[in-house]
Amino acid sequence: MATTQGAALDRKKLMADPIMVTTIVVLITFLTLFILYPLAILLIDSLYGTNGLSLETFRRVLAMPTFTRAISNTLKIGFVVGILSTLIGLLFAYVEVYVRLHKISGGLFKVVSMLPVVSPPFVLSLSMIMLFGKAGLITRFLLGIYDNNVYGYWGIVIVQTLTFFPVCYMMLKGLLKNIDPSLEEAARDMGASRMKVFTSVTLPLMLPGLGNAFLVTFIESIADFANPMIIGGSYDTLATSIYLQITGAFDKEGAAAMAVVLLCITLAMFGVQKYYLESKTAATLTGKASRARMLIEDKSVTVPLTVLCSLAAIFVIMMYICVPIGALFPTWGYKFTPLTFKWFGQVFSKYHGLKAFRDSFRLSLIASPITALLSMIISYLVVKRKFKAKGFIEAVSMLAMAVPGTVLGVGYIRGFSGGLFHTGVLGGIYGTGLILIIVFVVRSLPTGTRSGISALRQIDKSIEESAYDMGADSFKVFMTVTLPLIKDSFLSGLVTAFVRSITAISAIILLVTPQYLLITVQINEFAEKGAFSIACAFATILILITYGSVLLMNLLMRFFGTSRKIEGEE
Amino acid sequence: MAKEKKGVRLEHISKIYQDPKTHKDFYAVHDTSLEIEPGSFVTLLGPSGCGKTTTLRMIAGFESPDEGEIYLGGEPINALTPNKRDTAMVFQSYALLPHYNIFDNVAYGLKLRKLDKDTIKTKVMDILKLVGLEGMEARMTNQLSGGQQQRVALARALVLEPGVLLFDEPLSNLDAKLRVSMRTEIRRIQQEAGITAIYVTHDQSEAMALSDKIIIMEKGVVAQIGTPQEIYYHPKSEFVADFIGDANFLKGKMLRHEGSDGVVEINGTEVRVAETQSVKDGSETTVVLRPESTVLADEGFLPVKVIVSSFMGAYQLYHVMLGDNKLIIHDYNPKGKKIYAMGDSAYIRFEPGSAHCI
């Protein structure tokens with residue numbers, strides 16, 4: 001059968017729309033240049049050295065005992081953190097969806113799910129050291145334990161688990177809410193106990209979802225740079241080894257080869273997660289619950305579960321609160337009173353805080369609208385349009401999700417410091433603010449695109465078709481119909497991009513030049529030096545900024561949001 | 001009202017899709033040729049998956065035909081995008097723009113055509129009056145009932161004065177009563193506006209009530225084209241007969257022709273039927289018999305056994321067995337007639353003109 005005429009006509013129709021064609025070409029160029037090319041150059045560089053095509057570089061790095069140890073360390077931590085986060089996330093999600101919660105515990109849960117979103121990635125490491133370290137508030141002053149060593153394996157595991165379990169909690173909560181309560185009621189009705197219902201109905205239905213949560217956490221964990229950097233001590237992971245290989249050993253080829261190894265691991269996990277588990281999750285959990293669930297009110301169940309989760313939540317919140325408090329003590333670990341603002345003063349007087357905040361702010365502020373708009377355009381193209389390169393655009397923008405920041409950073413160094421393919425072309429952007437902005441955009445693009453796609457999927461395709469049918473071209477349709485309808489998603493994408501950019505560190509730390517002071521890089525530096533009070537002061541201000549922008553977004557949405565107007569439909 | 005009524009012609013149109021599971025190509029529409037007269041109301045009717053919506057979307061431009069050419073008012077339009085075609089569509093889900101009020105929804109297409117403000121206002125108000133929505137122009141779409149949203153969708157398409165108006169199952173989201181009143185409305189407005197309309201539906205009564213012509217589609221192919229009467233009384237195939245109204249099928253053998261009637265042997269009995277020119281003497285044939293043109297009696301052509309007998313108000317419903325063939329009979333106005341009970345034996349009778357061979 002010949003489908004060629006139809007395809008040719010589709011192509012002709014697309015070409016009749018120059019703005020659309022230009023957009024697609026620009027997008028493809030951007031994605032190729034700043035996502036695919038840096039990864040490709042890593043592979044090329046590590047395979048094609050001075051003596052032609054060989055596995056020499058790989059052989060060399062794999063012969064380093066530090067590197068092979070880093071691989072097993074990373075995998076071990078990813079595995080343990082993945083399992084712990086999934087379990088704790090499941091517990092929280094189950095309690096929230098199935099148990100009648102007291103108002104206070106409900107509030108605690110909300111805060112816990114919110115905190116990791118607005119805080120910089122290494123906050124928990126800081127507070128872990130300050131609470132449980134050698135001069136830890138709890139270990140030394142409460143329990144009288146001197147010489148407690150938080151650095152290393154357990155430090156990373158605890159900190160990462162506390163950082164990542166809220167993500168699992170949110171994911172699993174969504175899944176549990178999609179289980180039709182009548183399935184469980186039917187099992188109860190046939191004589192199963194609550195425990196039996198959980199093990200024979202709820203759990204099997206959730207299994208792919210749990211696997212999904214595990215893998216997402218696993219990927220996050222092995223890609224995490226900031227926490228192992230601060231609390232890892234001599235326990236190296238892949239992300240930190242790559243960083244040290246560049247900044248310490250100045251071995252860029254070696255780092256490229258290591259980055260390829262890390263990338264391969266995350267890509268494999270990502271592949272399983274994306275193409276196997278996600279479809280399975282969708283297959284077992286279809287549609288919405290037919291009616292509200294009867295919540296468990298039996299005190300023997302609710303009380304212990306609520307207490308357990310609330311304690312955990314309080315612990316997590318305490319860890320976060322420790323940071324601003326730490327910035328108020330005169331000398332951490334020695335002198336606790338009177339509380340002082342001198343560290344905040346020093347941020348600005350002694351440590352160029354103003355410049356750091358200005359630089360971070362400015363770069364993130366430029367990057368976030370670009371990111372938000374790009375991700376909305378990509379989502380629109382992916383969900384609503386039909387054209388050949390669509391698969392490519394979708395795949396590459398999702399691929400960015402699986403690329404650890406460190407790998408991207410090394411890719412940019414290799415790819416742009418000498419220009420494209422070391423020819424000098426485009427080399428000018430290396431070391432400028434532009435490349436930092438591009439990294440911010442690339443790093444936040446997948447999250448924005450994902451939320452844009454899910455927002456657009458909820459909009460009936462025929463709404464845009466009707467505008468198209470009435471005479472609007474693609475650009476007009478996007479501007480007058482699509483964008484106004486996903487205003488909320490656009491706004492939240494804007495803020496998420498801003499928050500992610502201003503708290504980013506893993507790729508940035510490899511690319512930043514002395515002419516830019518970035519807050520996160522500063523905090524990392526102070527934390528490494530042991531200057532916790534000043535690090536805390538920086539981090540506190542950063543948290544205030546990010547939290548402030550989230551509040552601002554919620555406020556904006558309340559006034560300008562479209563969702564309320566549209567919700568009345570059906 | 002339309003600037004110019006346009007006809008639509010499809011020449012050997014095919015559309016090929018890939019089955020998402022088996023990845024095999026199949027024809028959603030296969031080698032379909034149609035001629036739609038300017039100003040007429042034509043319905044594409046068929047079960048889901050028959051290709052009717054795909055055909056409509058190819059005319060609108062959302063899908064591109066893999067074979068053949070589509071003409072609108074004599075011009076080939078295959079390469080035109082939907083926004084460049086002189087068609088306007090009323091969508092199944094209405095597809096109103098939820099962030100605009102009624103006025104802006106209707107004015108959307110006019111603004112794109114860069115008309116001046118006053119003209120737009122006059123046109124929108126006129127059209128809202130035509131569809132019975134005067135005074136509602138400031139409301140948001142979610143403040144309207146389903147029927148009102150439907151009218152906005154119609155107004156929005158009409159105001160553009162398109163050469164052809166396309167309807168994609170526009171009434172399927174309304175309740176039964178409203179559906180009936182809306183379809184008379186649609187017919188009235190189409191005739192007042194004098195516009196060519198192509199209407200997709202799977203509801204046969206809608207098709208009958210609305211259309212000048214019905215095009216019945218089956219598995220991507222046109223099964224029959226004709227006026228509602230032609231299609232109802234002279235279905236060309238079992239599929240068409242069954243799809244339009246209820247039908248009984250009696251297998252038999254054509255014995256001979258007598259004038260315009262034919263004599264068919266069914267279960268060993270000779271029965272007179274009309275419309276037999278195409279069936280040769282001596283060949284196997286199927287006789288189509290509408291339930292409402294058949295009655296039960298103590299004497300008649302064919303002996304049957306009653307297996308279901310229910311009072312339906314307007315008629316008595318019977319299921320009867322003729323040999324091992326089940327027939328349905330609607331005996332209208334049953335008051336005062338003899339009512340057969342389950343298990344009774346009886347005969348069926350019908351006028352020769354109300355049965356025909358296919």
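Only the coordinates and a few stated rules stand behind these numbers; no lab work does. Bear in mind that the values here come from a model prediction, so they are computed numbers and not experimental data. Here the Cβ is made from the backbone with ideal geometry for all residues, glycine too, and neighbour counts use every protein chain on show.
May I ask which residue of A:Phe559, A:Ser125, A:Tyr48 lies farthest towards the positive end of the charge dipole of chain A, with charges of +1 (Lys, Arg) and -1 (Asp, Glu) on Cβ and the Cα centre as origin?
A:Phe559
What relative contact order, as a whole-number percentage, does chain B give when Cα pairs under 8 Å and 6 or more residues apart are counted?
Values: 770 pairs, mean separation 56.7, N = 358.
In percent, rounded to a whole number, it is 16.
Would you work out the relative contact order for chain A, in percent, from Cα pairs under 8 angstrom that are 6 or more residues apart?
Values: 767 pairs, mean separation 118.3, N = 570.
Value for chain A: 21 percent.
At q = 0.09, 0.10, 0.13 Å⁻¹, what log₁₀ I(q)/I(0) does chain B have when each alpha carbon counts as one equal point scatterer in the Debye sum?
For the requested q values the scattering log ratios are -0.63, -0.75, -1.03.
Quick one: which of A:Lys390/A:Lys476; A:Lys386/A:Lys461; A:Lys487/B:Lys114 span more than 18 angstrom between C-alpha atoms?
Numbers: A:Lys390/A:Lys476 20 Å; A:Lys386/A:Lys461 12 Å; A:Lys487/B:Lys114 26 Å.
Going by Cα-Cα distance, A:Lys390/A:Lys476; A:Lys487/B:Lys114 fall outside the 18 Å limit.
Would you mind checking the tilt of helix B:117-130 against the longest principal axis of the Cα atoms of chain B, expressed as 0 to 90 degrees and rounded to 10?
Once rounded, the angle reads 20 degrees.
Each residue of region A:531-536 in order: what ³J(HN,Hα) in whole Hz does its phi give by Karplus 6.51 cos²θ - 1.76 cosθ + 1.60, θ = phi - 60°, with x for Gly and Pro?
8, 5, 4, 6, 4, 5
By how many nm would the segment from A:Asp298 to A:Glu185 lengthen if fully extended, with 0.36 nm per residue of separation less the alpha-carbon distance?
Numbers: separation 113, 0.36 × 113 = 40.68 nm, distance 1.60 nm.
Here the answer is 39.1 nm.
Residue farthest toward the positive end of the dipole of region B:246-357, with Cβ of Lys/Arg at +1 and Asp/Glu at -1: which of B:Met312, B:Val271, B:Ile328?
It is B:Met312, whose Cα lies furthest towards the positive end.
Explain nothing, just the number: dipole magnitude of region B:1-77 about its Cα centre with +1 on each Lys and Arg Cβ and -1 on each Asp and Glu Cβ, in debye rounded to the nearest 20.
Details: 9 positive and 12 negative charges, 72 e Å.
Its charge dipole is roughly 340 debye.
Taking R0 as 41 Å, what FRET efficiency do you get between A:Phe141 and A:Ser234 from their Cβ-Cβ distance, rounded to the nearest 0.05? Please report the intermediate quantities before stating the final value.
On the way: r = 26 Å, r/R0 = 0.64.
Given R0 = 41 Å and the Cβ-Cβ separation, E is 0.95.
If you look for lysine pairs in region B:246-357 that are eight or more places apart or on different chains, how many of them have Cα atoms under 19 Å apart? Write out the running numbers ahead of the final one.
Working: B:Lys251/B:Lys280; B:Lys251/B:Lys305; B:Lys251/B:Lys326; B:Lys253/B:Lys280; B:Lys253/B:Lys326; B:Lys305/B:Lys326; B:Lys305/B:Lys337; B:Lys305/B:Lys338.
Eligible lysine pairs with Cα atoms under 19 Å apart amount to 8.
Report, largest value first, the span of the C-alpha coordinates of region A:1-135 along each principal axis, in whole Å.
65, 52, 32
Would you list which aspartates and glutamates come within 15 Å of A:Lys274, measuring only between C-alpha atoms, while excluding same-chain residues fewer than 8 positions from it?
A:Glu220, A:Glu394
Would you mind checking which residues have amide H under 5 Å from A:Ile296's amide H? H placed 1.01 Å from N; only 5 or more apart, or other chain.
Counting only residues 5 or more places away or on other chains, the set is A:Val99, A:Arg100.
Can you tell me the relative contact order of region A:60-326? Whole percent, Cα pairs under 8 Å, sequence separation 6 or more. Mind dumping the intermediate values first?
Details: 330 pairs, mean separation 89.2, N = 267.
For region A:60-326, the relative contact order is 33 percent.
With equal scatterers on the alpha carbons only and no solvent term, can you work out the Debye log10 of I(q)/I(0) for region A:433-569 at 0.09, 0.16, 0.20 1/Å?
Debye output, listed in q order: -0.40, -0.92, -1.18.
Where does each of A:Ser349, A:Ser417 land when they are ranked from fewest to most other beta-carbon atoms within 10 angstrom? Please report the intermediate quantities before stating the final value.
Numbers: A:Ser349 11, A:Ser417 14.
Fewest to most other Cβ atoms nearby, the residues stand as A:Ser349, A:Ser417.
Once you place label points 7 Å from the Cα toward the Cβ at A:Arg100 and B:Asp324, how far apart are they in nm?
For the pair A:Arg100/B:Asp324, the computed spacing is 6.2 nm.
Could you check the simple spin-label distance between A:Gln346 and A:Phe315, using points 7 Å along Cα→Cβ, in nm with one decimal?
Result: 3.2 nm between the two label points.
Can you list residues from other chains, or at least 5 along the same chain, whose modelled amide H is less than 5 Å from the amide H of B:Gly51?
Amide H neighbours of B:Gly51: B:Gly220.
Taking θ as phi - 60°, what are the ³J(HN,Hα) couplings along region B:280-291 by the Karplus curve (6.51, -1.76, 1.60), each to the nearest whole Hz, with x for Gly and Pro?
7, 4, x, 9, 5, 8, 10, 9, 9, 9, 6, x
Using square roots of five times the C-alpha gyration tensor eigenvalues, list the equivalent-ellipsoid semi-axes of region B:246-357 in whole Å, biggest first.
On the way: eigenvalues 137, 37, 24 Å².
Value: 26, 14, 11 Å, ordered largest first.
How large are Rg and Dmax for region B:15-174 when calculated on the C-alpha trace, in angstrom?
Cα only, region B:15-174: 17.4, 55 Å (Rg, Dmax).
Over all distinct Cα pairs, what is the inverse of the mean 1/r for the protein assembly as shown, reported as the Kirkwood hydrodynamic radius in Å? Working shown, then result.
Details: mean 1/r = 0.0302 Å⁻¹.
It works out to 33.1 Å.
Semi-axes, largest first, in whole Å: what does sqrt of 5 times each Cα gyration tensor eigenvalue give for region A:60-326?
Numbers: eigenvalues 270, 129, 35 Å².
Over the Cα atoms of region A:60-326, the ellipsoid semi-axes are 37, 25, 13 Å.
Provide Rg and Dmax in Å for region B:64-119, with only Cα atoms included in the calculation.
Cα only, region B:64-119: 14.8, 44 Å (Rg, Dmax).
Counting each DSSP H run of 4 or more residues in chain A as -39500 (n - 2.57), what helix-only mean residue ellipticity at 222 nm follows after dividing by all residues, to the nearest 500 deg cm²/dmol?
Values: 28 runs with 403 residues, N = 570.
Taken over chain A, the calculation gives -23000 deg cm²/dmol.
Taking H as built 1.01 Å from N, whose amide H comes closer than 5 Å to the amide H of B:Ile16, not counting residues under 5 places away?
Amide H neighbours of B:Ile16: B:Ala28, B:Asp66.
Going Cα to Cα from A:Lys252, which lysines come in below 29 Å? Please leave out same-chain ones fewer than 8 positions away.
List returned: A:Lys76, A:Lys529.
Placing unit charges on C-beta atoms (Lys and Arg positive, Asp and Glu negative, everything else neutral), compute the dipole magnitude of region B:8-239 about its Cα centre in debye, rounded to 20. Please report the intermediate quantities before stating the final value.
On the way: 26 positive and 30 negative charges, 148 e Å.
Once rounded to the nearest 20, the dipole reads 720 debye.
Using +1 on the beta carbon of Lys and Arg, -1 on that of Asp and Glu, and nothing else charged, what's the dipole of region B:246-357 about the Cα centre, debye to 20? Don't skip to the answer; put the middle values down first.
Numbers: 12 positive and 15 negative charges, 48 e Å.
Result for region B:246-357 is approximately 240 debye, rounded to the nearest 20.
Return the aspartates and glutamates within reach of A:Lys13: Cα separation strictly under 13 angstrom, same-chain partners fewer than 8 residues apart disregarded; answer none if there are no such residues.
A:Lys13 reaches A:Asp473, B:Glu63.
Restricting to Cα atoms and excluding each atom paired with itself, what does the Kirkwood estimate give for region B:183-266 in Å? Mind dumping the intermediate values first?
Numbers: mean 1/r = 0.0668 Å⁻¹.
One over the average 1/r among Cα pairs gives 15.0 Å for region B:183-266.
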